[in-house]
There are 6 protein chains.
Amino acid sequence: MSTVPLIEYETASPEVKAVFDDIQQIRNVHDVNNFWKALANHPEILKRTWKTLQEVMQPGALDALTKELIYIAVSITNKCDYCIYSHTAAASAKGMTPAQYQELLAVVGMAHQTNALATGMKVPVDQQFLAAATPEH
Amino acid sequence: MSTVPLIEYETASPEVKAVFDDIQQIRNVHDVNNFWKALANHPEILKRTWKTLQEVMQPGALDALTKELIYIAVSITNKCDYCIYSHTAAASAKGMTPAQYQELLAVVGMAHQTNALATGMKVPVDQQFLAAATPEH
Amino acid sequence: MSTVPLIEYETASPEVKAVFDDIQQIRNVHDVNNFWKALANHPEILKRTWKTLQEVMQPGALDALTKELIYIAVSITNKCDYCIYSHTAAASAKGMTPAQYQELLAVVGMAHQTNALATGMKVPVDQQFLAAATPEH
Amino acid sequence: MSTVPLIEYETASPEVKAVFDDIQQIRNVHDVNNFWKALANHPEILKRTWKTLQEVMQPGALDALTKELIYIAVSITNKCDYCIYSHTAAASAKGMTPAQYQELLAVVGMAHQTNALATGMKVPVDQQFLAAATPEH
Amino acid sequence: MSTVPLIEYETASPEVKAVFDDIQQIRNVHDVNNFWKALANHPEILKRTWKTLQEVMQPGALDALTKELIYIAVSITNKCDYCIYSHTAAASAKGMTPAQYQELLAVVGMAHQTNALATGMKVPVDQQFLAAATPEH
Amino acid sequence: MSTVPLIEYETASPEVKAVFDDIQQIRNVHDVNNFWKALANHPEILKRTWKTLQEVMQPGALDALTKELIYIAVSITNKCDYCIYSHTAAASAKGMTPAQYQELLAVVGMAHQTNALATGMKVPVDQQFLAAATPEH
């Protein structure tokens, strides 16, 4: 159970209803998901989060599915149960195949392992990586 | 400074030299990076890690660059300095553009924010996500 | 279910009962919460934790509510479900208003985002922060 | 060294200069800090982050210093070196005394300990916390 | 509920059945646990993980129980619920006594506290630790 | 550089000198390490931490070296640079061999990987682990 009530559309304030309407229209759903119902207790955060999420997840130099894969990877590493479920579902809805999901999990798992080994041994960063790390503008 | 010495090619055992030769050939480099030099103190881990990393990072249902982007995302979330530098450099070498890098950072930053909000409010997982989370085989 | 049994007052050893009595008296409750019942399996840790928690959470240069807000912030970041629930409840009991809770969540969410961006870009620490970081004695 | 160049005011685009001007004016400083110079490589993120940070850190139901203390707590838990330094400095500038800093560290340290114990023993959440967790609107 | 179906032995492919047979034989159990049933959706990861886990958890310079204690410590710190339960059970099966478990939890809790204090104060590493950190070959 | 000054013995208060004397005597060293010099800015935390650390790290059901291995494992997972260095050095001083260190790193690395996979797939906990997780008293 959430630490705040889940605000349903019917009992929401006009301010919140406006955001719910927008989410439902953009995402083509009948009802917003629990994350938004919880955030609706905090209208300022609700509006800001919805706005920013749309901007950030807009297909651009990275396509929509790639952005969801990254979102899953961060959510797993951050152990956010809600986000793991919701973004894995979103990625599937955007076309993620079982083969892609398997490869994502394999990369995430391996990255955790090498992250731990590099951290554990306090490996110093190579000079060439310091120079090469910046993508050219 | 690492917790173990960095093993240089010249002083490496034949077992380690064989792995270094393979890395240098596959990656087309003159010298392996510090991560492998540190791991070389632990030959069993060295061999296993190199072998697995090759399998996992092989282009497949996800292409090589997408895999690097996921690796960066996990490394940032895991705060692995070495890995952030090395994989950001690797992604650039595999063609990541500044625009792609900006979008990656934006998604990673936003994911951290919504992960924290969802966790903080202990939002319950929606039924439809539990059903939809599994990619169809 | 916990990895250890939850020890109820009735079946607790005299040593544990003494700690439970103290917690119940200080906190003005009829029964200790599950955290203490679980810790009761490890009497040394139980005594030490209760003693230290009292010292640390004593109102001082920071008042009791501020200390709970900090506790919630750490618990969210550490993804400790038990602690998120218990400390959010404790903060409410100490007078945290919905407006304060909203602002706390907003700060926690934003801090996660900027933490991720600063880490991801490996931003070097400014000289003035190194000098200014120490509160004057 | 950052993974992106630090953009100095002199060589910044008009779009970035406008944000730098605003930060310098609002914060009454001669130059923005490295975090903004790094973010300046990503103008969309720069503008959005500066705007949101101002909104979130505005004194309100929580005062400015309390918000910085929360920011430090999250940054320590997230191991963001840059953020630990910059927000500890900011808190000092906003009046954090050594006594307050000591108490903050004590709470953060203790929270980490009890978080780990509660997680390690998988303590089930008490019913009364589930009910009491929601601040009344 | 997992993001993938749990594959039961009866409906598993021959490739997966072979791995399940091996796990059941080596671990002397009638059925593999849910982790393997979930991983069975990703046969490449399943085979690799089982193989590596056997190699890594083999008693050697560290005995089997010590390895499980380390595994619990990492799992608690990584907040992996599944792993906390399964490895605490495995350690008990390998002879971990309540006294050993209490001491493990005490160390894990205290390590979290001093980790947070050292990180929070950005304590510089002592020269003698840099020199002494490397075990002699 | 730390966020607080490092307090040297010569300029320490009598209260702090007493703790430093105790640490130096118990650990048979000429000078305390930087962690204690930093904590010396916060005498209450200094005394409490030193006292608790001694109790927790006392050889008991687990020997001193095993406790250090657990401490290293947590410190790596928590990415505490200071603690990784200091506890790896302490473990070596307590007799950790290169073979033991290699096995420790292998377990820590693998635990990170399976933690991530179990979390990523949201594997439900098996009934037998819920029952078996509790060491018998």
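Give me a count of the residues in segment A:25-40 that are within 18 Å of the chain's Cα centre (by Cα) and assigned to a helix (DSSP H, G or I). Break it down stepwise before answering.
Going residue by residue through segment A:25-40, those that are within 18 Å of the chain's Cα centre (by Cα) are A:26-27, A:32-39.
If we keep only those that are assigned to a helix (DSSP H, G or I) as well, we get A:26-27, A:34-39.
Residues meeting the conditions: 8.
If you go through segment B:23-64 and pick out every residue that is at positive phi and in contact with an Asp or Glu (Cβ under 7 Å, 6 or more places away or on another chain), you end up with 0.
For segment E:82-109, how many residues meet the condition of being charged (D, E, K, R), in a helix (DSSP H, G or I) and closer than 21 Å to F:Q127 by Cβ?
Filtering segment E:82-109 down to residues charged (D, E, K, R) leaves E:94, E:103.
After this cut, where a residue has to be in a helix (DSSP H, G or I) as well, the list is E:103.
Applying the additional criterion that residues be closer than 21 Å to F:Q127 by Cβ yields none.
So the answer is 0.
E:T52 - would you say it is buried (at least 18 other Cβ atoms within 10 Å of the Cβ), among the β-branched types (V, I, T) and outside any helix (DSSP H, G or I)?
On the way: buried (at least 18 other Cβ atoms within 10 Å of the Cβ): yes; among the β-branched types (V, I, T): yes; outside any helix (DSSP H, G or I): no.
Spelling it out, it is not the case that E:T52 is buried (at least 18 other Cβ atoms within 10 Å of the Cβ), among the β-branched types (V, I, T) and outside any helix (DSSP H, G or I).
Taking every residue in segment C:58-86 that is over 17 Å from C:Q102 (Cβ atoms) and free of Cβ contacts under 8 Å to residues at least 24 places away in the same chain and pairing it with any residue that is crowded, with 24+ Cβ neighbours inside 10 Å and among the basic types (K, R), at least 6 positions away or on another chain, the pairs with Cβ-Cβ distances below 9 Å are C:Q58/C:K67; C:P59/C:K67; C:G60/C:K67.
Quick check, is F:F20 within 14 Å of chain D (Cβ to nearest Cβ) and touching an Asp or Glu at 6+ places or on another chain (Cβ under 9 Å)? Spell out how you get there, then give the answer.
On the way: within 14 Å of chain D (Cβ to nearest Cβ): no; touching an Asp or Glu at 6+ places or on another chain (Cβ under 9 Å): yes.
Judged against the criteria, F:F20 is not a match.
Whether a residue is over 10 Å from the mean Cα position of the chain (by Cα) and farther than 22 Å from E:S2 by Cα was assessed, and A:A89 does not pass this test.
Looking at C:H112, is it part of a loop (DSSP other than H, G, I, E, B) and either in contact with a Lys or Arg (Cβ under 8 Å, 6 or more places away or on another chain) or of a type outside the set (G, A, S) (or both)?
Numbers: part of a loop (DSSP other than H, G, I, E, B): no; either in contact with a Lys or Arg (Cβ under 8 Å, 6 or more places away or on another chain) or of a type outside the set (G, A, S) (or both): yes.
So C:H112 does not fit the description; no.
The test for being of a type in the set (A, V, I, L, M) and within 7 Å of chain D (Cβ to nearest Cβ) does not hold for C:A116.
Residue-level analysis places D:V125 outside the set of residues that are farther than 27 Å from A:N78 by Cβ, part of a loop (DSSP other than H, G, I, E, B) and out of contact with any Cys (no Cβ under 7 Å at 6 or more places or on another chain). Apart from one condition, E:T97 fits all of (1) at the interface with chain F (Cβ under 7 Å from one of its Cβ atoms); (2) modelled with pLDDT under 95; the exception is (2).
Apart from one condition, B:P5 fits all of (1) closer than 28 Å to E:K51 by Cα; (2) more than 9 Å from chain A (Cβ to nearest Cβ); (3) touching a His at 6+ places or on another chain (Cβ under 9 Å); (4) not in a helix (DSSP H, G or I); the exception is (1). Which residues, taken from segment A:23-46, are more than 14 Å from chain C (Cβ to nearest Cβ) and of a type in the set (S, T, N, Q)? Scanning segment A:23-46 gives A:Q24, A:Q25, A:N28, A:N33, A:N34.
Residues of segment E:55-87 that are surrounded by fewer than 24 Cβ atoms within 10 Å (Cβ to Cβ), facing chain F (nearest Cβ under 7 Å) and of a type in the set (D, E, K, R): E:D81 alone.
Restricted to segment B:100-113, and to residues there that are at the interface with chain A (Cβ under 7 Å from one of its Cβ atoms) and among the small types (G, A, S), the residue that is farthest from A:N115 (Cα to Cα) is B:A106.
Tell me yes or no: at least one residue of segment A:41-59 is aliphatic (A, V, I, L, M) and either over 11 Å from the mean Cα position of the chain (by Cα) or modelled with pLDDT under 95 (or both). Yes, segment A:41-59 contains a residue that is aliphatic (A, V, I, L, M) and either over 11 Å from the mean Cα position of the chain (by Cα) or modelled with pLDDT under 95 (or both).
The values are calculated or read from the model by the stated rules, or taken from the named source; none is laboratory data. What you see is a predicted model; the values in this text were computed from it and never measured. Quick reminder, even Gly has a Cβ in these numbers, built from the backbone with ideal geometry, and neighbours come from all protein chains shown.
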